[in-house]
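*Asks:* Got a structure here, written out as structure tokens. Questions coming.
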Amino acid sequence: TVEQFDKVVDSVCPFCGVGCQTTVRVKDDLIVQVDGRDGPANENRLCVKGRFGFDYVRSPDRLTKPLIRRDDAPKCGDINLKGADPLTVFREATWEEALERASSGLTKIRDERGGQAIAGFGSAKGSNEEAYLFQKFIRQGFGTNNVDHCTRLCHASSVAALMEGVGSGAVSAPFNDALKADCIIVIGARPTTNHPVAATYFKQAAKQGRKLVVIDPRKQDLMRHASHSLVFKPGTDVALLNAMLNVIITERLYDEQYIQANVSGFEALKEKVKDFTPEAMEPVCAVPAATIRDVARLYAKSERSIIFWGMGISQHTHGTDNSRCLIAMALITGQIGRPGTGLHPLRGQNNVQGASDAGLIPMVYPDYRSVEDADIRAEFEDLYGRPLDAKRGLTVVEIMDAIHDGEISGMYVMGENPAMSDPDQIHARAALAKLDHLVVQDIFLTETAWHADVVLPASAHAEKLGTYTNTNRQVQLGRPAISLPGDARQDWEIIQDLARACGLDWHYGHVSEVYTEMASVMPSLKNISWDRVEREGSVTYPADGPDVPGNEIIFVNGFPTRDRRGKIVPADLLPPDEVPDEDYPLVLTTGRLLEHWHTGAMTRRAGVLDAIEPEGIASMNPREIERRGMRQGIMVKVETRRGTVEALLRADREVADGMIFMPFCFNESPANVLTNPQLDPFGKIPEFKYCAARIGLA
Ligand code: SF4
């Protein structure tokens, strides 16, 4: 009963982009229970993370005081500092001293070397208002566009292809529309692990008789519900998808009328895919030609077909090309702009859609408006009251390289953990250690924060008020349930105080004022006021009027491109950057586990979740383990050209022969020591999903 609790608060889940609405029950300023609420994305459902992953907020590891690095403490580089006493490296400080130290370090670099020597990483875990303020601070305070966040590591290539193809990086239909589709394709995604509540809709659709096609190099349990399961050779996405396009074109299954009215580039696509017959591609992608034909026909002939994809598509050096193929499939068949059809890259973090929309990206201001367009820039210069940088900033991985090259020497990191999440982690940690000045704002002393000169204790999701935008374009309100620990402060207030200390004249009195300014420069939020979000709890953008429900389906009448047409960009077959050879004969792929979220900073401090998955693992097929004379449960070392990591060997029939899978959440077995930093040329996303590796006894 309500009486058992001091407080019952309506909020949203802090983990994945599904954006489940929650009811948080509080007793004695502690969260004691989280339940699903009847939100548009989850209809009362929650997964194990949403239900049990809340006690991290009261972890004894929470930062409760600002910290300043001791003068004699060395910068730590690639040292794994788990277990070290923070007070041997840092000393506690007052907020005044910490803000003074943080701001003077950044402004000194700006004044001596110019604003281009500064970079900022914001966070897709924070609210829209925090993302907006963070990008504003970097752009206005330092005159640079060197501001990015973890979208660069997750769907940057999908967004690059979508912006180019259909003029918008957002999904065209909500995932719940799987229930209205006749054919559902899930490719390069593992929703039962990474978007578990979305997966329940896919299973439900299959149960109702809709055709579910699951395509992935690793087997997965969603395949149990599928009418077609295609396990293809990793890295051959374009071969498989171009073969499907070849079938659709040669069998004239495309929608000629739709193409004539809405699409450009069809002739070039025809020419490009004419030799990609299923028979020619079968030996490349290891999917039988007959299956490729079946699935292509099913997708094109169904009344309503929808495509979902994840990081198996995006995290490749050819990630943009992979998405271009999916966009081409939807465009030539007219499977877009109607209920039950469309393109839906399943977003990772709870607010990666919102943080990207809010301009936490080096190429664009809020709402993806180019920093290189003089008219748009003039508009933001008017608002921000000073000249802004006219060229694109550097991206996440490029910033690490620029530190090594001596071009960047100061950074402000809010809620991101590049020391765990960036590829080629030894290189990334060495970069962080090389900075002259690093300010980290977080709730824990993360692997990144250990490198900091100043650490600012921030607010957890359950302690703050703000809006978050989920994968369905639903802007939702997160409400505070518990108080902040110790001297920790609200993130938006910290950004504001740091901005003021750096000389900016900011006077936001409430987070709603930040939202209102942000919405004033974002056409997508027109008709979605703070009051409306507060009143309705969830509003889909775009909305045609202040009292009209938002449009769940977009691209109904063409695309927001210059000529209103969707543009096909044909893709070539390119190999992954680093293929197996005699020295490194296996393929390493990385990803997530159901119980842990990204770098594990939160979920590894959530008792139930860490108890279920408590240790760093490397998974291989039991056949492959036996072939190597190994056995499950032993410690192994996985090696690539970038480093070596020890982990517990797990037998997993879902992993293909010749492949190793490692989650990247375990700091005792940090998979990103091994990963390849080579970038997709368009989205600038690294190839987390494929590199050459070998395995041996530890
Ligand atoms: Fe949270 Fe995602 Fe699980 Fe929903 S599906 S409870 S948003 S982690």
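*Asks:* Hey, what do the phi angles of segment 661-666 turn into as Karplus ³J(HN,Hα) couplings, whole Hz, using 6.51/-1.76/1.60 and θ = phi - 60°, x for Gly and Pro?
*Replies:* 10, 9, x, 9, 8, 9
*Asks:* Multiplying the sequence separation of D583 and W95 by 0.36 nm and subtracting their Cα-Cα distance, what value in nm do you get?
*Replies:* So the extension gain works out to 170.5 nm.
*Asks:* Still on this structure, I have one more. If packing is taken as the average number of other Cβ atoms within 10 Å across a peptide's residues, how do 497-508, 436-447 rank, most packed first?
*Replies:* The packing order, highest mean first, is 436-447, 497-508.
*Asks:* Quick one: accessible surface of L573, probe radius 1.4 Å, all protein chains present, in square angstrom to the nearest 10.
*Replies:* Answer for L573: close to 70 Å² accessible.
*Asks:* Same structure, new question: Per residue, what accessible area does the chain have, given a 1.4 Å probe and all protein chains present, in Å²?
*Replies:* Per-residue value: 34 Å².
*Asks:* May I ask you to list the lysines whose Cα is less than 21 Å away from that of K207, ignoring any residue fewer than eight positions away on the same chain?
*Replies:* Within reach: K180, K219, K301.
*Asks:* Taking every DSSP beta bridge that has both residues in the chain, what percent is antiparallel when rounded to the nearest 5?
*Replies:* 50
*Asks:* Turning to a different aspect of this structure: Which links in K203/K270; K75/K684; K27/K65; K7/K49; K7/K65; K274/K684 stretch past 23 Å when you go from one Cα to the other?
*Replies:* As for pairs spanning more than 23 Å Cα to Cα, those are K203/K270; K75/K684; K27/K65; K7/K65; K274/K684.
*Asks:* Can you give the helix-only mean residue ellipticity at 222 nm for the chain, where every DSSP H stretch with n ≥ 4 adds -39500 (n - 2.57) and the sum goes over all residues, rounded to the nearest 500 deg cm²/dmol?
*Replies:* That calculation yields -9000 deg cm²/dmol at 222 nm.
*Asks:* Mind ranking 205-216, 187-198, 376-387 by how tightly packed they are, going by the mean number of other C-beta atoms within 10 angstrom, highest first?
*Replies:* By packing density, highest mean first, the sequence is 187-198, 205-216, 376-387.
*Asks:* In what sequence, highest mean first, do 593-604, 235-246, 296-307, 647-658 appear when ranked by Cβ atoms within 10 angstrom?
*Replies:* 235-246, 593-604, 296-307, 647-658
*Asks:* With charges only on Cβ, +1 for K and R and -1 for D and E, what is the dipole size of the chain about its Cα centre, in debye, rounded to 20?
*Replies:* 1720
*Asks:* Mind checking which lysines have their C-alpha under 18 Å from K108, skipping anything on the same chain fewer than 8 residues away?
*Replies:* Correct list for K108: K434.
*Asks:* A further question follows. Enumerate the aspartates and glutamates that K211 could reach by cross-link, defined here as Cα to Cα under 14 Å, with residues fewer than 8 away along the same chain left out.
*Replies:* Within reach: D177, D182, D294, E303.
*Asks:* To continue, here is another question. Placing +1 at every Lys and Arg Cβ and -1 at every Asp and Glu Cβ, with all other atoms neutral, what dipole size does segment 542-698 have around its Cα centre, in debye to the nearest 20?
*Replies:* With only Lys, Arg, Asp and Glu charged at Cβ, the dipole is about 80 debye.
*Asks:* Here's something else I'd like to know. Would you please give the residues with an amide H less than 5 Å from that of L230, counting only those at least 5 places away or on a separate chain, with H modeled from the backbone geometry?
*Replies:* V214, I215, D216
*Asks:* Something else about it: State, as an integer percentage, the relative contact order of the chain based on alpha-carbon contacts under 8 Å between residues 6 or more apart.
*Replies:* 20
*Asks:* Can you list residues from other chains, or at least 5 along the same chain, whose modelled amide H is less than 5 Å from the amide H of Q678?
*Replies:* The list, which skips near neighbours in sequence, is E687.
*Asks:* With label points built 7 Å along Cα→Cβ from the Cα atoms of D505 and D38, find their separation and express it in nm.
*Replies:* Each label point is offset 7 Å from its Cα along the Cβ direction, giving 5.0 nm.
*Asks:* Right, something else. Work out how much length E267 to V608 would gain on full extension: take 0.36 nm times their residue separation and subtract the Cα-Cα distance, in nm to one decimal.
*Replies:* Extending this stretch completely gives an extra 117.3 nm.
*Asks:* Would you mind telling me the share, in percent, of accessible area of segment 307-365 contributed by carbon and sulfur at probe 1.4 angstrom?
*Replies:* 64
*Asks:* For N551, list long-range residues whose amide hydrogen, built 1.01 Å from N in the peptide plane, is under 5 Å from its own amide hydrogen.
*Replies:* The list, which skips near neighbours in sequence, is A543, D544.
The values are calculated or read from the model by the stated rules, or taken from the named source; none is laboratory data. Treat the numbers as computed from the prediction; the structure is a model and nothing was measured. Positions of Cβ are generated from backbone atoms using ideal geometry, with glycine treated the same way; all protein chains shown enter the neighbour counts. Ligands, DNA and RNA are stripped out before the accessible areas are found, and what is left, the full protein with its side chains, is counted by its heavy atoms. Shrake-Rupley method; radii C 1.70, N 1.55, O 1.52, S 1.80 Å.
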